[in-house]
1. Among the candidates GLU284, GLU256, single out the residue that is without any contact (Cβ under 8 Å) to a residue 40 or more places away in the chain and surrounded by fewer than 19 Cβ atoms within 10 Å (Cβ to Cβ).
2. Mind listing whichever residues of the stretch 114-132 are more than 10 Å from ligand 2 (Cβ to nearest atom), among the charged types (D, E, K, R) and either crowded, with 18+ Cβ neighbours inside 10 Å or under 28 Å from GLY159 (Cα atoms) (or both)?
3. When you go through ALA358, ALA326, ALA270, ALA318 one by one, which is the residue that is within 16 Å of ligand 2 (Cβ to nearest atom) and surrounded by fewer than 22 Cβ atoms within 10 Å (Cβ to Cβ)?
4. Among the residues of the stretch 240-255, is there at least one that is under 22 Å from ASP14 (Cα atoms) and of a type in the set (Phe, Trp, Tyr)?
5. Under 9 Å by Cβ, and 6 or more places apart or on different chains, what pairs join a residue from the stretch 179-204 that is closer than 30 Å to ASP79 by Cα with one that is assigned to a loop (DSSP other than H, G, I, E, B) and among the small types (Gly, Ala, Ser)?
6. Confirm whether TRP386 is touching a Lys or Arg at 6+ places or on another chain (Cβ under 6 Å), more than 9 Å from ligand 3 (Cβ to nearest atom), under 26 Å from GLU107 (Cα atoms) and in a helix (DSSP H, G or I).
7. Can you name every residue in the stretch 435-475 that is crowded, with 20+ Cβ neighbours inside 10 Å and in a helix (DSSP H, G or I)?
8. Please find, among ALA82, ALA94, ALA58, ALA42, the residue that is modelled with pLDDT of 95 or more and touching a Gly at 6+ places or on another chain (Cβ under 9 Å).
Amino acid sequence: MPKPDQCLIPVLGDQLSLALPSLLAADKARSVVLMAEVMAEATYVRHHRKKLVFCFSAMRHFAERLRTEGWTVDYVTLDEPANSHSLKGEIARACARHGITRVIMTEPGEWRLKQELADIDMLEDTRFLCSHATFRQWAEGRRELRMEFFYRDMRRQTGLLMDGDKPEGGKWNFDAENRSPPRRGTRFPPPPRFEADSITQACIALVARIAPDGFGDITPFWFAVTQEQAEAALTHFITHALPRFGETQDAMLQDEPFLHHSLLSAYLNAGLLHPLAVCHSAEEAWRAGRVPLAAAEGFIRQIIGWREYVRGVYWLTAPDYVNRNALGATRPIPDFYWTGDTDMNCIAHVVRQTREEAYAHHIQRLMVTGNFALLAGLDPEQVHEWYLAVYADAYEWVELPNTLGMALHADGGLLASKPYAASGNYINRMSDYCGTCRYDVKQRTGPDACPFNALYWDFIARHRERFLLNPRMANICRGYDRFSDTEKESVRESAAAFLDRLEPWPRPQLRPQPPNAS
Ligand code: FAD
Ligand code: DLZ
Ligand code: SF4
């Protein structure tokens, strides 16, 4: 029997929040919440297996929470025999099961899924602080979009760290006091580790079954999977790491994967934490004298600045952004992005850490794997696919602009005014990777030279005409122009010899099978 007064509310794996607009707008007594684990979402990239466990476990815990709050929840597990394995299919099946014709949901975070579900009534996702319309208005008429100006507007809009209409401390940005190289003897607080309960154990077993050869270690699994646990992780960060957040933000240390980073991105992106609440906690800690202003400001900027800004760019430019390739990069991604099997210690280390933790901090993503991809001219689409797969926090709305715009400069400078290109010298200054590397970071060319050095100058040479027009790059081009012809030739030969030896990644044909497949 059709039930015209009933409503189906699909809740996706990254919408795990009681403050979801579709839940806030609904009448509990007349609604069925649908949550579905489906292979289409589990396989649209080769997700890290920890990310799959996180997603399924957090979904299952959220379904429990909704039930305790009085919601009727229809939860379809991955191993349910009749599972159609697409969200569209599961919404249709649920409508038929419950005799419901009215479906309302909060818009998906990714363009791909918003298109697929376009015939459903969608509410804008107010968990983000800047609406699509506000970002469009801000971007209108600007040839280049710059985060710093957007961020100031977000400070004014939210009132965070404001003294009337002035920024607290008299400055919008305290980066000059942040970002030092790592200091000897600094102590780093280990992140809180949450025990895997029976729900998480079941998800671990499920993922081991569907992706026996998938990328990434499944265990040890210690992520937060509920709002309460994510809030405990936030409190731990504010107390133990935030006071020194900015100071070590750009540092990289082999034995310290987390430094003073928050590790909150996966929880924020899944909906377990609200960005404004997280920023209010940081501001309160500063107002109570528990953290320096530079640290609180640096952290809040990442969230109301960078996070909102890249989301704005994503929706402003979708769906074409993914096709941008301003630097004409076409080289296939080498296999060491997946195996970590390379003599370059920095890359081997970041890939190993990524495999173990489904986490790397920003500078590892940007200045090691991202920088290498930029200098080596790796195909942006393949690099995008890699970043979307390997991190627990990866969703296209945040990953794509970071990869194509920030790391690869594939958008020609829309998002960042210059490419984040660096030679081995930068990595040496900011990390302890080079000391134990088989390559010599001080040598520019030759078989023992750090590959980042020849690749860096070869990159400048290849794009010299374009970069000469960029005031922030022109000096570097002129530095290259002062090389002798022999030095230039040596750079070209060293880079070519290195690039010719790269083994492309042999893309596996097999996708994980549904658990109920015979
Ligand atoms: P912290 O250093 O503690 O920062 C605090 C918070 O600020 C983060 O949790 C995050 O929510 C936000 N933030 C910081 N930098 C950025 C940024 N550049 N863009 C958006 N939010 C930011 N972040 C993702 O959440 N998902 C991704 O898929 C993702 N892909 C990336 C790909 C590349 C190539 C690069 C260079 C960066 C990417 N980032 C991505 C941004 C950033 O690296 C991560 O947000 C950060 O490393 C997460 O770790 P954390 O929570 O410890 O961050
Ligand atoms: C990431 C993910 C995965 C792995 N699996 C599911 C799933 O089975 N069901 C679901 O509703 N959502 C899943 N997600 C999150 C979606 O991929 C995410 O909602 C979209 O990418 C939009 O951001
Ligand atoms: Fe990386 Fe070069 Fe340092 Fe080796 S020497 S760790 S390749 S930057």
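The values are calculated or read from the model by the stated rules, or taken from the named source; none is laboratory data. This structure is a prediction, so every number in the text was calculated from the model and none was measured. Note that each Cβ is placed from the backbone with ideal geometry, even for glycine, and that neighbours are counted across all protein chains shown.
1. GLU284
2. GLU124, ARG127
3. ALA318 is the lone residue from the list that is within 16 Å of ligand 2 (Cβ to nearest atom) and surrounded by fewer than 22 Cβ atoms within 10 Å (Cβ to Cβ).
4. no
5. That search, which allows pairs on different chains as well, returns PHE194/ALA224; CYS203/ALA196; ILE204/ALA196.
6. For TRP386, the condition - touching a Lys or Arg at 6+ places or on another chain (Cβ under 6 Å), more than 9 Å from ligand 3 (Cβ to nearest atom), under 26 Å from GLU107 (Cα atoms) and in a helix (DSSP H, G or I) - is not met.
7. Answer for the stretch 435-475, where residues must be crowded, with 20+ Cβ neighbours inside 10 Å and in a helix (DSSP H, G or I): PRO451, PHE452, ASN453, ALA454, LEU455, TYR456, TRP457, ASP458, PHE459, ILE460, PHE467.
8. Within the list ALA82, ALA94, ALA58, ALA42, the selection yields ALA58.
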